[in-house]
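Data first, discussion second: the structure below is written as structure tokens.
The values are calculated or read from the model by the stated rules, or taken from the named source; none is laboratory data. Given the structure is predicted, the values throughout are model-derived calculations rather than measurements. Neighbour counts run over all protein chains shown; Cβ positions are idealised from the backbone, glycine included.
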Amino acid sequence: MNHIEVPVLIAGGGGCGLSLSIFLSGIGVRSLVVERNPATTDHPRAHILNQRTMEIFRQHGLADEVYRQGTPAALMERISFRTSLGGDGPLDRRLIGNLDGYGGGALRQRYEADSACRATNLPLMQLEPLLSSVAEQRAPGGVRFHHELVSFEQDAEGVTSRVRDHASGDHARGADYTVRSRYLIAADGGKTVGRALGIGMDGPRRLRKMVNTYFSADLSQWIDDDGVLLFYFINPDGQGQWAGGGLVKTGPTRWDRHSESWVFMRELSADDPEVIDESNVVARMRDLLRLPDFNPVVHKIGRWDVEGVVARRYRAGRIFLAGDAAHRHPPVSALGLNTAFGDAHNLAWKLALVLSGKAPDALLDSYEAERAPVGARVSEWALNGFRMRSLIDQAIGLVPGQTEANRQAFERLYADTPGGATARAILAEAMHIQRIGPQAHDMEIGYRYERGALVPDGTTAPERDPMAGIYHPITRPGSRLPHAVLEREGRRVGTHDLVGPGGFTLFCSRAAWRRAAASAAKQAGVRIDTVLIRGQGGHGGDRGGNLGGNYRDIDGAWTRLRQVGAGGAVLVRPDAHVAWRTMEMPSDPAAALVAALMSVLQR
Ligand SMILES: Cc1cc2nc3c(=O)[nH]c(=O)nc-3n(C[C@H](O)[C@H](O)[C@H](O)COP(=O)(O)OP(=O)(O)OC[C@H]3O[C@@H](n4cnc5c(N)ncnc54)[C@H](O)[C@@H]3O)c2cc1C
């Protein structure tokens, strides 16, 4: 049997596994991705890539291509709730409500102030091939499709896995080989490794059964608003939000009303036949959209269960769970794949430091300490958002199965009567709370770590907006580095662009820190780039390396956001989270930095 040795084996070549491969290659760590399917996904699935994901992608040189292929900002400004797409009856094509989303419309200014990257939309079906080809470019031979992890065993030094190559050997069985790795990452969507390890998942399951239909059709004559990314339909026959269905444009080259393809998702109600095929799916879409002559080319029908589950453990010895393997929840705020990228990004730099011998294995414990609370919070959040959807049905007064009563409820909603005005006011309240879905700005970019690879500074965590609409930038250890625009030699650059994936970055304003950082980097054996920021009137020279150097705080944003004194400093990890900060210059800044690094690296 063939045998391979590789530092990191990644089981699963979905978004999580492929991105981890790219992040590891970017910092010089070899990995092997094995994916049991013969190719990347043929269903659009995930859509929205939030600002934090795009920051991470930018750090690894992926953002430009994702933006190039993805939806332009003006074409993903809002979600819209309607009664139907077609039809000419009195209740057809009526607007129930619009909601700005994903940094569009009235949200734009706030989102732009908080990050250099805007959110975009690129269905997983287009994103995975992009990730796969970049992963392959950066680690030739490092991604193997149609190879399945079939078993594994770990010991004190590593993991020995058995992988089946379905494409060769005896066709019925494939050919097996073994892989010896220091670590195994389960990016398998929860299908294999966690189950084999007996790691339970807590939380509600099978909340709804959904069916997604991916199709091509020209819907342009029915779409009157190019800025809508996602339509939801609620009508007397649909019996509410999910059964009424949702329609999302999936491009791939046009993102306006001429989008060539679409996904229609709806709940699989009890009276739907168990066997879903093209004929009944299309018939149901015709009913719900009120398009009797609608003739789509159906590419794929996918079924999925709405659930909200999180793994009890993210680590078992030398094995780590990431992405959907660790948390699965409703897609209401589009946090599934985005959180998977966050997991991979968190894990990559830690694996690199441990594998290079610069940090002990204990550093990897911080992965669970940091990411498990994020996964749990995101899951709880998405379940809230999911539940809130039914408030729209209730506000309108819909009763499952009572088509005539539901019709009357809609007539009341649009009636020019005092009762109609009240119904609309109630609906507006129910609509307002739906912001929990597409306006979860703090949930997207504001997650913070309370413990892990960081040095707490004794301050109390400032409160977060319980509705997650407002993100408060802070430099408290564990938080994401605030975004500010700096200038160097006439060129503007965001703080996140100065954080390299393979080392630490020190943000400070006194030159003494540069010497201290050089000395500390030498003593600790890690890279530290120093970003020396002068005030608004300051003068930037150029004595730094690629990332480090002297910068000018052009509009005073960094000075407002840094939360440390002029002599203080903020040490940022490779994943752009703050590791340590000091309010003022300590008497021996190099020693203070070394002590902080030792603590962060668990040395
Ligand atoms: C309708 C819908 C809409 C969504 N919209 C969004 C959105 O807008 N934004 C967002 O962030 N998220 C969204 N999500 C969630 C998102 O799709 C998932 O969270 C994300 O794709 C998970 O990625 P992953 O790589 O962790 O897991 P997966 O994509 O499940 O990948 C795991 C891979 O592991 C492979 N595998 C399993 N076992 C083995 C094995 N033994 N050996 C080898 N390979 C194996 C599988 O074949 C699979 O390819 C949505 C989900 C749904 C259902």
Checklist entry - When you scan the range 200-225, how many residues do you find that are among the polar types (S, T, N, Q) and surrounded by fewer than 18 Cβ atoms within 10 Å (Cβ to Cβ)? => result 3
Checklist outcome for this item: Selection over the range 402-429 where residues are part of a helix (DSSP H, G or I), more than 17 Å from R94 (Cα to Cα) and not β-branched (V, I, T) yields a count of 5
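Name the single residue that is farthest from I4 (Cα to Cα) among those in the range 93-147 being aromatic (F, W, Y) and within 12 Å of the ligand (Cβ to nearest atom). Don't jump to the end; show me each part of the working.
Taking the range 93-147 as the starting set, the residues that turn out to be aromatic (F, W, Y) are 102, 111, 145.
Applying the additional criterion that residues be within 12 Å of the ligand (Cβ to nearest atom) yields 102, 145.
On the way: Y102: 43, F145: 16 Å.
Among those residues, the one meeting the criterion is Y102.
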Checklist entry - Do you know which of the residues in the range 577-591 that are aliphatic (A, V, I, L, M) and surrounded by fewer than 18 Cβ atoms within 10 Å (Cβ to Cβ) is farthest from the chain's Cα centre (by Cα)? => result A591
Checklist entry - In the range 8-24, is there at least one residue being more than 20 Å from the chain's Cα centre (by Cα) and either over 20 Å from L230 (Cβ atoms) or without any contact (Cβ under 8 Å) to a residue 40 or more places away in the chain (or both)? => result yes
Item to check | Pairs where the first residue, in the range 48-74, is over 14 Å from T339 (Cβ atoms) and the second is basic (K, R) and surrounded by fewer than 24 Cβ atoms within 10 Å (Cβ to Cβ), C-beta under 6 Å, 6+ apart | outcome: A73/R118
Next on the checklist: I need every pair where a residue in the range 157-169 that is surrounded by fewer than 16 Cβ atoms within 10 Å (Cβ to Cβ) has its Cβ under 7 Å from the Cβ of a residue that is of a type in the set (V, I, T) and modelled with pLDDT of 95 or more, sequence separation at least 6 or different chains.
Outcome noted: R162/V150; R162/T178
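Pick from the range 323-340 the residues that are assigned to a loop (DSSP other than H, G, I, E, B) and near the ligand (Cβ under 7 Å from one of its atoms): which of them is nearest to E370 (Cα to Cα)? Break it down into steps so the answer makes sense when it comes.
Step one: of the range 323-340, the residues assigned to a loop (DSSP other than H, G, I, E, B) are 326, 329-335.
Filter again for near the ligand (Cβ under 7 Å from one of its atoms), leaving 331, 334-335.
On the way: P331: 22, A334: 20, L335: 17 Å.
Restricting to residues being assigned to a loop (DSSP other than H, G, I, E, B) and near the ligand (Cβ under 7 Å from one of its atoms), the top hit is L335.
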Next on the checklist: Out of everything in the range 41-65 that is of a type outside the set (S, T, N, Q), under 11 Å from A119 (Cβ atoms) and out of contact with any Pro (no Cβ under 6 Å at 6 or more places or on another chain), what residue ends up being nearest to the ligand (Cβ to nearest atom)?
Outcome noted: I48
Checklist entry - Taking the range 167-192 as the search range and keeping residues that are at pLDDT 95 or above and assigned to a loop (DSSP other than H, G, I, E, B), which one is farthest from the ligand (Cβ to nearest atom)? => result G190
Checklist entry - Which one is modelled with the highest pLDDT among residues in the range 379-401 that are out of contact with any Lys or Arg (no Cβ under 8 Å at 6 or more places or on another chain) and outside any helix (DSSP H, G or I)? => result L398
Checklist entry - Any idea which of L99, L127 is among the aliphatic types (A, V, I, L, M), under 23 Å from the mean Cα position of the chain (by Cα) and under 27 Å from G194 (Cα atoms)? => result L127
Checklist outcome for this item: R195 fails exactly one of (1) at pLDDT 95 or above; (2) exposed (fewer than 15 other Cβ atoms within 10 Å of the Cβ); (3) away from the ligand (no atom under 12 Å from the Cβ); (4) among the basic types (K, R), namely (3)
